[in-house]
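K.L.:
Encoded as structure tokens, here's the structure I'll be asking about.
Bear in mind these aren't lab numbers, they're just calculated from the coordinates by the rules spelled out. Quantities reported herein were computed from a predicted structural model and do not represent experimental measurements. Cβ placement follows ideal geometry from the backbone for every residue including glycine, while neighbour counts extend to all protein chains displayed.
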Amino acid sequence: MRPDLMPLSRAQRLALTAASFLFLVIATMALGPLIAGSGWWWLCAFIAAGTLFSGFGLRSIRTPPSLVPVLELVVLLLMLTLLFGGGTSIALVVPTAGTFETFGELMAGAQRTIEQQSVPAVPVPPLTFALAVGTGLLAVVVDILVQTARMPALAAAPALVPVLIPGFIIEAGADVPTLVLTAAAYLLLLRVDVRVRRRARLAAGEEGDQAATVIAPKRVPIVSTFGASLGLAAVGLLAASVLAASTPSVSTSLLLGSPSQGTLFARGVSPFIDLGRDLRRPEPLPAFHYFARDGDRPYFTLLTLDRFEGEVWAPTERAVDGDNTVDQMPRPDGLSSAVETSEHPIDVVVDEVRTTWLPVPYPAARIEGLKGSWFWDDGSLTVRSVDTNTGGQSYQVTRLEVEPTPQQLRAADREFDDELASFLDLPDEMPAIIGETAAAITASAASPYDAAVAIQAYLRGSEFDYSTEAPVEDGYDGGGFDVIATFLETKAGYCVHFASTMAVLARESGIPSRISIGYTQGSPTDERVDGVLRIEVDTHDLHAWPELYFEGVGWVPFEPTPGRGTVPGYSRPGAGEEGAPPLASTPATGPGSTGRPDIDPDTGLAGPVVDPVATATQLWIRTGVVALVVAVLLLVPAAFRLSRRLARVRRIRHGERPADAAWDELAATAVDLGVGGSGGETPREFAARLTGREAFGDAAARAAVVRLRDAVERERYGPDGAGTPSAAASASLVDDLATARAALLADAVGAERARAILMPPSLVDGVRRVLGGRIARGA
Amino acid sequence: MSEAAVTVGGTGTPDAPDVVMGIDEVGSRAAAVVQNVETVIAGKRDAVTAALTVLLAEGHLLIEDVPGVGKTMLAKALARSVDCSVSRIQFTPDLLPSDVTGVSVFDQASRRFEFKRGPVFANIVIGDEINRASPKTQSALLECMEERQVTADGTTYVLDLPFTVVATQNPVEMEGTYPLPEAQRDRFMARISMGYPSPADELAMLSTRETSSPLERLATVVTLGELRAMIAAVQHVFTSQPVKEYAVELARATRDDRQLRLGASPRATLQLIRAAKAHAAMHGRDFVLPDDVDALAVPVLAHRLVPTSRAVGAHDRDSGPLIDAIVRRIVGETPVPVGSARRI
């Protein structure tokens, strides 16, 4: 019996298990830069510990080795049920069909959250679930490699997964200290394994180090040292860092969602596509409906565009902050206590709209009753989810109604915080008409507020038509400068033009502005529930409107689009004049109230919007890249094995001792296929064993093995072994090797062949030989 | 075929062989001998091969087994297949040393003492039941085996070459025996045991030997000169450094083994390599393989080793001889050398 296959004692197994555990949890730390907080890591550690130590326990009670991984998977399932199963389990740990449904939802949520969250990601339950599953599976693989296959050096391969992932997502890759720690843990694992092997070998009666000094035997005892382990670890980590460094082009956008492309609704509604598409829809689809006890009928904001770059309005990319939970939302920016506010609860039930952005009035105080993880964005207070969408949601949002008086607005300071400077940004090159118009409209305005009212009044004036027909030049349906200039000349357009024009004119007049996308207040129905009117919002209510900032009041919506939505009372001309009470907002009436445009507004305010086909293509590309990376990682051992084979063939053709190389390759192939011999086996015995196999019933294959055997025997032990063979002899060796290998491979079943190619055990033997050989010579 | 002369006071170096023999020829002749012997000893190829190996390696063979399994028959058949002189000594407790080596008698006619050669003066000497003789007589034979000469009355008589003793021995626990001490067992190159024939072989034997001894019909297939040429060829078989190291490693392993009280001597290592050379030559090979060493490890090493009493106590007798098992284990555990090639 080979010493290294001797059954291990319980203490040795425990040491190996502990070292594997340490290695895995330290490797998992490499994910740190990607995920906020540390709770997820403790979860991973718990899962890894549960899986690995259950494996230890199972082996201690002499469970058959082939059963251990299966039972470890069962333990993993029980742990996942305990942690994530919720009320669907029996006795907390036994999964039911409902548990698996929950798991499926969690996995789907994890996919969404990975696509939509930016770094560092909030560890929402679906994400932690995915981490737990991944860690558990890695633990099982590591356990198989370390304990069952006794090839701990290969444990580096699964551990590379968490180590490499940061390299794909953030340019800096994993932290250097984490990499160093991982290397150290890897060394420890190898060290423990070496000690275990040595102990086993001593127990088998060999004498330790001397055994390696006699000759270079076929089975070199593992007399590894720290240095040798270090070398191996260094190679592994170098490979890892090279891999990580060589893939910077695989950027965040490919693996995570890509907010940079303006596809805020990467998998759902793209606001401007749908703005146009839904407005064109002959029959509107119900988006959602709501019940407002107080008769409150606000606009519902989905998202806010605040960056104007000349051609495109775009949102500012912001990472989701895990602390921004919607149960308590902050007071809106710039709102002072002097302004009167009131809270109005609104019950919203989502019908058809599917987006990761929640329709919420601005500003909202809190939202309750949501499923999944939803977070508010700093500044815009828009609400988005990282793991789910609006589908099937029903929630109560408490709207904070801000009721500024015109006096308060008029009194707003012209000086702003630096933070707001970006809301005044306009590109340098600007069509003259914009500046001229702004100057003309606001010439008599005494305050920013007056200027804003003037701009709104100008755009709502009789000169402007709500029209979707003229002008019809190419590119008109954008929000860029050229479009705005054309719009100001032709004085016709629809909401995106009015909103973007007002926002630009406001900026030109020194008022911070942004554009909100969302829904107007919708249409009341006859239906009442508990006496509360049901109000339906459909796809025709999609809308864009500007919001302007006034110090002390905050962001205030305006409605420059004639015939759409509601004109806020404070924004009406003459509001706040002497004695006049704050005017109530007036819903628009008239034929244009649905605002349905007749032309195709598919390319809207945000400039180049994303074609859904392109989005799907990107998804495929992203999946493809991930699959490619995984495939490349899986193929690394195969590549090493192939390179060794080619090196041996070169040696057969050109090197010294060609038969030796041929025989090595044949023996390595046998090892790969699980029919390798022990170190005490001579070439003759090995050949006899091979030719006894079924596939060698063919005389040619048998003869090839015998010729190879004779050649290697003569070379190793014959009187003229060191002589250089002829080219013909070398060629025949290559042929014989090919014949014999083919027979060996033909003898194996598919799974064995796949393992031989993907996870060739002969590589491990090679590493052992290199380590042992070096030490033997140095001893 | 000329008889080699007895050289009184000679050096004992072997005479030059009459014919020069290639290694392939050695192989085919050896195969012929084995085949010939097997016509009378059916189903005992290992024993026959071992015996011929010892003969070619100029060693001595100890056959240890219960009476009646063909020990003597093997020795005789081997001797008859090779055209050489054979003598047989039946050892008994009252056998004297001079009964083995020879005795000086007074010749009345010439009025001087004349040395009468004993049965040891033959190419193959069959010593039957060597452990029944007194230690003194045993020692006389063993001295001849080691020195390949006989000294009587101050005169040294060199023995004719080749000289091989094939001694048979009953298991030591039988009555009326003087077991060979370890030091003397060490003089034998190899020890084999015959074992009982298979029922089929035993049945065949009954029919072939019903009327007469098959030995009488046994033909000679190798002449004495050819035998010498074969021995010379064996001496030229190449032994590579890795194989020598392997033999040394095996011997070292027996000395360090926990189950052994006495390991193999350096003489054992030497004889192991000599026997391996003969084994290689018999297979038509001009160099020694680790396989040759492996094949001979049990016959050459086993009878020299002494197990610890603890190992004996723990041994399961049904699984064959303890020592053989230990040697096979050591062979299995000792790494086979691959030479000094650069590994990839």
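K.L.:
Need one word for segment A:27-169: rounded, prolate or oblate. Basis is the Cα gyration tensor (sqrt eigenvalues a ≥ b ≥ c); a/c below 1.5 gives rounded, then a/b vs b/c decides. Walk me through the numbers before you get to the answer.
P.N.:
Numbers: a/c = 2.32, a/b = 1.18, b/c = 1.98.
Cα axes put segment A:27-169 in the oblate bin.
K.L.:
Return the long-range amide H neighbours of A:ALA121 (sequence gap of 5 or more, or a different chain), with a cut-off of under 5 Å between placed amide H atoms.
P.N.:
A:ILE35, A:ALA36
K.L.:
Still on this structure: Rounded to the nearest Å, what's the spacing between the alpha carbon centres of segment A:327-369 and segment B:37-81? Just the number, please.
P.N.:
For segment A:327-369 versus segment B:37-81, the Cα centre distance is 105 Å.
K.L.:
Could you give the angle, 0 to 90 degrees to the nearest 10, between helix B:199-208's Cα long axis and the longest principal axis of the Cα atoms of chain B?
P.N.:
Relative to chain B, helix B:199-208 is tipped by roughly 20 degrees.
K.L.:
Quick one: Debye curve from the alpha-carbon atoms of segment A:366-425 only, equal weights, vacuum; give me log10 I(q)/I(0) at q = 0.15 Å⁻¹ to two decimals.
P.N.:
-0.72
K.L.:
Also, I was wondering about something else. Ignore the peptide's own chain and count Cβ atoms of other chains within 10 Å of each Cβ in A:648-656; give me the average, rounded. Write down the numbers at each step before the final one.
P.N.:
Values: counts 1, 0, 1, 3, 0, 0, 0, 3, 2.
For this peptide, the per-residue mean of nearby foreign Cβ atoms is 1.
K.L.:
Now for a different question. Given a cut-off of under 8 Å on Cα pairs at least six residues apart, what relative contact order in percent is computed for chain B?
P.N.:
After rounding, I find 24 percent.
K.L.:
Taking the Cα centre of segment B:259-316 as origin, work out the dipole magnitude from +1 charges on Lys and Arg Cβ and -1 charges on Asp and Glu Cβ, in debye rounded to 20. Working shown, then result.
P.N.:
Values: 7 positive and 5 negative charges, 66 e Å.
Magnitude of the dipole: close to 320 debye.
K.L.:
Once the Cβ-Cβ distance between A:ALA688 and B:PHE115 is put in as r, and R0 is 60 Å, what FRET efficiency do you end up with, to the nearest 0.05?
P.N.:
0.65
K.L.:
Would you grab the residues whose amide H sits under 5 Å from the one on A:ARG399? Only those 5+ places off in sequence or on another chain, please, with H modelled 1.01 Å from N.
P.N.:
Sorted by chain and number, the residues that satisfy this are A:HIS344, A:ILE346, A:ALA365.
K.L.:
Rounded if a/c is under 1.5, else prolate if a/b is larger than b/c, else oblate: which is segment A:277-400, with a ≥ b ≥ c the root eigenvalues of its Cα gyration tensor?
P.N.:
Taking the square roots of the gyration eigenvalues as a ≥ b ≥ c, segment A:277-400 is rounded.
K.L.:
Convert each backbone phi in segment A:184-190 into a coupling constant with the Karplus relation 6.51 cos²θ - 1.76 cosθ + 1.60 (shift: θ = phi - 60°), then list the ³J(HN,Hα) values in order as whole Hz, x for Gly and Pro.
P.N.:
4, 5, 4, 4, 4, 4, 4
K.L.:
Quick one: which residues, 5+ away or cross-chain, put their amide H under 5 Å from the amide H of A:ALA287? H built at 1.01 Å from N.
P.N.:
A:GLU352, A:VAL537, A:ASP538, A:THR539
K.L.:
Between B:LEU206 and B:VAL66, what's the calculated FRET efficiency when r is the beta-carbon distance and R0 is 25 Å? Round to 0.05.
P.N.:
Efficiency computed from Cβ-Cβ geometry: 0.85.
K.L.:
Now for a separate question. Can you tell me which of A:140-149, A:24-33 comes out highest on packing, and rank the rest after it, using the mean Cβ neighbours within 10 Å?
P.N.:
A:24-33, A:140-149
K.L.:
With r defined as the distance between the Cβ atoms of B:SER139 and A:ASP710 and R0 fixed at 35 Å, what FRET efficiency is calculated, to the nearest 0.05?
P.N.:
0.15
K.L.:
Here is a further query. Over all residues in B:324-337, what is the mean tally of Cβ atoms on other chains that come within 10 Å of each residue's Cβ?
P.N.:
Average neighbour count from other chains, rounded to a whole number: 5.
K.L.:
Figure the gain on full extension for A:THR398 and A:ARG354 (residue separation times 0.36 nm, minus the Cα-Cα span) and round it to one decimal in nm. Each step should come with its number before you reach the end.
P.N.:
Details: separation 44, 0.36 × 44 = 15.84 nm, distance 2.15 nm.
Net length gain for the segment: 13.7 nm.
K.L.:
Which ³J(HN,Hα) values in Hz, rounded to whole numbers, follow from the phi angles of segment A:516-533 under the Karplus curve 6.51 cos²θ - 1.76 cosθ + 1.60, where θ = phi - 60° and Gly and Pro get x?
P.N.:
Result, ordered by residue: 9, 10, x, 10, 6, 5, x, 10, x, 10, 7, 6, 10, 10, 6, x, 9, 6 Hz.
K.L.:
Full-extension gain between A:GLU489 and A:ARG753, please, as 0.36 nm times their residue separation minus the C-alpha to C-alpha distance. Kindly include the intermediate steps, with their values, before the conclusion.
P.N.:
On the way: separation 264, 0.36 × 264 = 95.04 nm, distance 7.41 nm.
Between A:GLU489 and A:ARG753, full extension yields 87.6 nm more.
K.L.:
Between A:ALA411 and A:LEU619, what is the label-to-label distance in nm when each label sits 7 Å out along the Cα-to-Cβ direction?
P.N.:
It works out to 5.4 nm between the two label points.
K.L.:
Report the full-extension gain for the segment A:ASP428 to A:ARG199: residue separation times 0.36 nm, less the Cα-Cα distance, to one decimal in nm.
P.N.:
74.8 nm
K.L.:
Sticking with the crude label model, points 7 Å out along Cα→Cβ, report the distance from A:ARG528 to B:SER213 in nm, one decimal please.
P.N.:
13.3 nm
K.L.:
Along the Cα→Cβ direction, 7 angstrom out, place labels at A:ASP465 and A:ALA703. What is the inter-label distance in nm?
P.N.:
Each label point lies 7 Å from its Cα, and together they span 9.6 nm.
K.L.:
Same structure again: Convert each backbone phi in segment A:45-51 into a coupling constant with the Karplus relation 6.51 cos²θ - 1.76 cosθ + 1.60 (shift: θ = phi - 60°), then list the ³J(HN,Hα) values in order as whole Hz, x for Gly and Pro.
P.N.:
After applying 6.51 cos²θ - 1.76 cosθ + 1.60, I find 4, 4, 5, 4, 5, x, 5 Hz.
K.L.:
May I pose another question? Can you pull the mean other chain C-beta count within 10 Å for peptide B:282-290?
P.N.:
Across B:282-290, the average partner-chain Cβ count within 10 Å equals 4.
K.L.:
Taking square-rooted eigenvalues a ≥ b ≥ c of the alpha carbon gyration tensor, is segment B:224-272 rounded, prolate or oblate, where a/c under 1.5 means rounded and, failing that, a/b exceeding b/c means prolate?
P.N.:
Because a/c hits 1.5 or more and a/b fails to exceed b/c, segment B:224-272 counts as oblate.
K.L.:
Would you work out the relative contact order for segment A:628-715, in percent, from Cα pairs under 8 angstrom that are 6 or more residues apart?
P.N.:
Contact order relative to length: 26 percent.
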